[in-house]
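See structure below.
The values are calculated or read from the model by the stated rules, or taken from the named source; none is laboratory data. Since we're looking at a predicted model, the values are computed, not measured. Backbone-built Cβ (ideal geometry, glycine too); neighbour counts: all protein chains shown.
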Amino acid sequence: MSEPITMDNAPPRAVVQFNCTGRATGKMRNELDVRMVQPMEERFELATDEGPFHGGDATAPPPLALFVGGLTGCIMTQIRAFAKRLGVRVNDLTVETRVQWDWAARDRVYETAPKSFEIDILIESDDPLDRQQALVQAAKRGCFIEQTLGRENKITHRLKTPQGWVDAD
């Protein structure tokens with residue numbers, strides 16, 4: 001068994017990779033097996049479901065709730081982790097995130113587009129404002145989700161067929 005990765009023994013650069021396998025298990029419920037496979041191994045079991053609008057039973061959070069929760073948790077984690085490393089005292093922390101999408105009906109389906117991402121950070125600290133601002137800037141740069149959202153990304157889709165994988169884009 002290898003030694004856990006810490007800031008003291010971490011490589012200067014690394015690829016961080018998560019894999020997720022989702023299985024449909026109910027009307028709209030999905031069981032998700034989420035694994036970090038690089039640079040270390042971790043595993044999490046999550047579920048999503050939808051409410052009556054999509055024909056689900058609301059037995060788990062919908063995917064958008066996990067998305068907004070992930071964004072909020074990511075910046076909070078980075079603030080708390082980086083506060084220790086930067087020597088900024090955080091006595092208490094609350095983050096309020098608002099995300100909006102435009103939704104438009106298209107025949108029997110709909111289309112969406114991101115509209116706004118707003119994150120309010122309430123830090124209780126005795127440190128000066130400029131040190132708190134530097135902490136938030138460092139946390140923004142270290143938040144995987146925020147950095148992903150701030151860039152144009154190419155997402156590819158494939159479909160499995162009896163002959164192999166085909167492009168679905």
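Key figures
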| quantity | calculated |
| --- | --- |
| When residues of the range 28-53 are limited to those that are touching an Asp or Glu at 6+ places or on another chain (Cβ under 9 Å) and exposed (fewer than 13 other Cβ atoms within 10 Å of the Cβ), the one farthest from Gly142 (Cα to Cα) | Gly51 |
| Candidate set from the range 4-28 (those that are hydroxyl-bearing (Ser, Thr, Tyr) and over 16 Å from Pro62 (Cα atoms)); member that is nearest to the chain's Cα centre (by Cα) | Thr21 |
| Pair list, Cβ < 7 Å and 6+ apart or interchain, from the range 82-100 residues that are assigned by TED's automatic domain parsing to the domain that holds Asp130 and loosely packed, with under 10 Cβ neighbours inside 10 Å to residues that are of a type outside the set (Gly, Ala, Ser) and part of a strand (DSSP E or B) | Asn91/Glu124; Asp92/Glu124 |
| Counted residues, the range 26-63 - those being in contact (Cβ under 8 Å) with a residue 12 or more places away in the chain, under 26 Å from Val109 (Cα atoms) and of a type outside the set (Asp, Glu) | 16 |
| Residues of the range 1-25 satisfying the condition of being exposed (fewer than 10 other Cβ atoms within 10 Å of the Cβ) and either touching a residue at least 40 places away in the same chain (Cβ under 8 Å) or in the same structural domain as Gly70 (by TED's automatic domain parsing) (or both) | Met7 |
| Pairs, first closer than 25 Å to Gln78 by Cα in the range 146-159, second of a type in the set (Lys, Arg) and surrounded by 10 or more Cβ atoms within 10 Å (Cβ to Cβ), C-beta under 6 Å, six or more apart | Glu146/Lys140 |
| Criterion: more than 26 Å from Gly69 (Cα to Cα) and either under 22 Å from the mean Cα position of the chain (by Cα) or assigned by TED's automatic domain parsing to the domain that holds Ile75 (or both) - qualifying residue of Pro114, Pro128, Pro162 | Pro128 |
| Single condition Leu66 does not satisfy, out of (1) modelled with pLDDT of 95 or more; (2) within 27 Å of Phe117 (Cα to Cα); (3) touching a Lys or Arg at 6+ places or on another chain (Cβ under 9 Å); (4) not basic (Lys, Arg) | (3) |
| Residue in the range 118-136 that is in contact with a Ser or Thr (Cβ under 7 Å, 6 or more places away or on another chain), in a helix (DSSP H, G or I) and either closer than 15 Å to Val90 by Cα or touching a residue at least 60 places away in the same chain (Cβ under 8 Å) (or both) present | yes |
